[in-house]
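A quick write-up on the structure given underneath.
The values are calculated or read from the model by the stated rules, or taken from the named source; none is laboratory data. Keep in mind the model is a prediction, meaning the values are calculated, not measured. Cβ placement follows ideal geometry from the backbone for every residue including glycine, while neighbour counts extend to all protein chains displayed. Just so you know, the surface numbers come from the protein's heavy atoms only, side chains and all, with ligands and any DNA or RNA stripped out. Shrake-Rupley method; radii C 1.70, N 1.55, O 1.52, S 1.80 Å.
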Amino acid sequence: MTSAVQFLIDQPQKVDPFINGVKYPVSYWTEKGGRPYQEDRHEELKGSGASDSSLYGVFDGHGGHRAAQYCKDYLLKCIAGDAEFEANPAKALFRSFFK
């Protein structure tokens, strides 16, 4: 592969390295296991605090995509939206899991 590619339901998707106006200097590897589809999800989000802050989430499907998709859709937004995020990101993470 010459570009970063993720596989969702066997369809290659190009990954935009400038999501939310931030260059994400990361890479990842995905490899299809025994199932004929990909259950894992990932999400990137620009942080609301410092101009160079970012949140990254990698969610493992473990036998189904629904929980991983739910986390992709809501968890990082919940963390970034927590009142404690800028002052205490660990507390924001802890509280977001309970929400």
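What to note about this one:
- Among residues of the stretch 34-47, those that are under 15 Å from residue 96 (Cβ atoms) and either at pLDDT 75 or above or loosely packed, with under 13 Cβ neighbours inside 10 Å (or both), counted: 2
- Flag for residue 6 being at pLDDT 80 or above and either open to solvent by 40 Å² or more (accessible area, probe 1.4 Å) or in contact with a strand residue (DSSP E or B) (Cβ under 6 Å, 6 or more places away or on another chain) (or both): no
- Within the stretch 66-76, tally of residues that are open to solvent by 80 Å² or more (accessible area, probe 1.4 Å) and either touching a strand residue (DSSP E or B) at 6+ places or on another chain (Cβ under 9 Å) or touching a residue at least 24 places away in the same chain (Cβ under 8 Å) (or both): 1
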